[in-house]
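Reading through the structure tokens given below for one structure.
A short reminder: the numbers here are calculations on the coordinates, not readings from a lab. If you're wondering where the values come from, they're calculated on a predicted model, not measured in any experiment. All Cβ positions, even for glycine, are placed from backbone atoms using ideal geometry, and neighbour counts span all protein chains on display.
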Amino acid sequence: MNQFKFQFCVIILGMMMLVSCSQGNQKTLENPKEMVGLVEDVLTKEEQDALTPDMVIQSLKEGNERFMRNDLTARDHSSQVRESVRAQYPKAIVLSCVDSRVPVEDVFDRGIGDVFVARVAGNFVNEDILGSMEFACKVSGSKLIMVMGHEHCGAIKSAIDDVKLGNITAMLSKIKPAVDMVLYDGDRSSKNQEFVHQVSESNVRNTINEIRKNSPILKEMEENGEIRIVGALYDMDNGKVNILD
């Protein structure tokens, strides 16, 4: 009986120690301020005003380099949520494809309040996205518009192969002009990776032209040096964002 009581006490003591350790670990996790180098601030209007378009491009390049090194900035998202409630002053607006393999904020190592992100399959523009860009730049002060396509894009491949399916058909019609713009004598199908790459780049450039053509506000801001409109391609093979000339 004494041996049974002893074993029972040992079990109870062990359970108490496990609970204590668990509570200690939980307390540590719930207090993010204990993490070294944690970023809590969000961009202010003064900081946004001091930026130039070229500075924003360089910032995004540096963030992408950190992403590729798996060295993302540690952020206190709860604190940033609270600080950004009353206003926002993002550096840029990025138009990206909806592809789940292209996490825009992570790709550029950005946090809450850093960038606007617009997403649509095939990263083309329409009236709604143009309005969003005008809001981002003219109203909220962003200094850069980046149109970012990506390699292995399903929307690009579908446009190349003239896919017909529900509302996807109308959506792909926005991308098809970029297919026709590519002068290519080889295999013009989605099986040809080189052709898909060229169409992806053509689509980015065509989207930029559409922005300038259909938004006098953004075109004037670019001409005045208030913003820049640039294109980029995200390489899924290595995580690098290549800025187009």
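The table below lists the values:
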read-out	value
Long pairs among K219/K240; K45/K91; K45/K138, criterion Cα-Cα beyond 18 Å	K219/K240
Theoretical FRET efficiency, 1/(1+(r/R0)^6), r = Cβ-Cβ of D185 and R205, R0 25 Å, to 0.05	0.80
Sites A50 and E105 - FRET efficiency at Förster radius 30 Å, r taken between beta-carbons, to 0.05	0.85
Euclidean distance of C-alpha centroids, region 146-179 and region 37-74, integer Å	31 Å
Cleavage-rule hits (chymotrypsin sites (Phe, Trp or Tyr not before Pro)) in region 158-242: DSSP loop, at most 14 neighbouring Cβ within 10 angstrom	Y184
Difference of contour (0.36 nm per residue) and Cα-Cα distance, L244 to S132	38.1 nm
Efficiency of FRET between T169 and A74 - r from beta-carbon atoms, R0 30 angstrom, step 0.05	0.10
